[in-house]
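Structure first, then comments.
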Amino acid sequence: MRAIVAAVGVLVTAWLALNFGVALIAVQPSLQASMFGAAEPARRAPSDLGLSFETVSYGSNRDAWWVPAKDSRGVVVLVHGYNTFSDPKSGDAGPLLELAAAFHGWGYDSLIINLGYGTGAHPYSGGQLEADDVSAAARWCRDKGGKPVSLWGFSAGGAAVLLAAATGVPVSGVVADSAFADAGKIIVEQAARMTHLPAPTFALVPPLMKVLAWPGPVNLETELAKHPIEVPVLLIHGAEDRAVELSNLRILQRATGATDWVVPGADHIQSYKMETTAYLNRARAFLESSMPPLQVPAGVSGRP
């Protein structure tokens, strides 16, 4: 009997340790990189695409690239996804710089931000802390020039921009590419995929993340039911997304009433690469329809 109790105790201890370890890794991506290694991404800056830019701070220990456009009619805040390396904006898989270049040509400023977990300002929370970063970035843009602001995020950044809009930051529109509906569920699914263990094995990870990075992972379906987004929303998702299943888009579409675009054959954050022209056409149409026209003083001609 004692042997059985001891064995059960060992298993329970191992289970708790496993869940705590996964939760700790989730909130500290740099720890994941140091433990398991991470390929260093190709680093880029706006100047690589011929864009003039300035490195700015939009909050304590939160940096960004400011890419201004001539006679700008608005600003787009661009937000990277979950990464394990430092300075995520410079190596993210999303087309942050390509979109900034397109926006620049269309007469929109861009602010390409690092979320706080990528700079050491806070751990990764799975939602709210990242949404607070996005809100701070949007307010920085409004304070800078008073122009309308839209949000554009990828994967975890997509979830962050949706939550920021839901919690009241004043923006004109929101685009989420490859976003997930429930951060806790996604983290559990990813842990199960990586370890080849059943998903219920990691049931304690989301509550443990709340302890390590309060308020912890956010279920957007629940939050959006309580705080609907009052501005236009565009959701983009690859039909063949292996990291964030297409069902996430369906949940978010029901919760937001958004326009959605499912890109055939596209994997996670690959819609731009798969359908570049169509992506840019939709991007421009969305911005032009959601950004309010600039108020031009009497006697002053506007942009052609």
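Just a few scattered comments:
- Within the stretch 158-167, one or more residues are in contact with a helix residue (DSSP H, G or I) (Cβ under 9 Å, 6 or more places away or on another chain), surrounded by fewer than 24 Cβ atoms within 10 Å (Cβ to Cβ), in the same structural domain as R62 (by TED's automatic domain parsing) and not in a helix (DSSP H, G or I).
- Single residue of A131, A225, A179 found to be part of a loop (DSSP other than H, G, I, E, B) and under 30 Å from R284 (Cα atoms): A179
- One residue alone among W152, W140 is in a strand (DSSP E or B), among the aromatic types (F, W, Y) and touching a residue at least 40 places away in the same chain (Cβ under 8 Å), and that residue is W152.
- Test: residue in the stretch 89-110 that is part of a loop (DSSP other than H, G, I, E, B) and touching a Leu at 6+ places or on another chain (Cβ under 6 Å): no
- R250 being surrounded by fewer than 20 Cβ atoms within 10 Å (Cβ to Cβ) and either modelled with pLDDT under 95 or touching a Phe, Trp or Tyr at 6+ places or on another chain (Cβ under 8 Å) (or both): no
- A count restricted to the stretch 42-68 and to residues that are touching an Asp or Glu at 6+ places or on another chain (Cβ under 9 Å) and either outside any strand (DSSP E or B) or at pLDDT below 95 (or both) stands at 4.
- Meets criteria (touching a helix residue (DSSP H, G or I) at 6+ places or on another chain (Cβ under 9 Å), under 15 Å from A164 (Cα atoms) and surrounded by 19 or more Cβ atoms within 10 Å (Cβ to Cβ)) for V205: no
- Against the test of being under 18 Å from the mean Cα position of the chain (by Cα), on the phi > 0 side of the Ramachandran plot and crowded, with 22+ Cβ neighbours inside 10 Å, the options S150, S135, S155, S125 yield a single qualifying residue, S155.
The values are calculated or read from the model by the stated rules, or taken from the named source; none is laboratory data. All values reported here derive from a predicted model rather than from experimental measurement. Glycine gets a Cβ as well: all are built from the backbone with ideal geometry, and neighbour counts include every protein chain shown.
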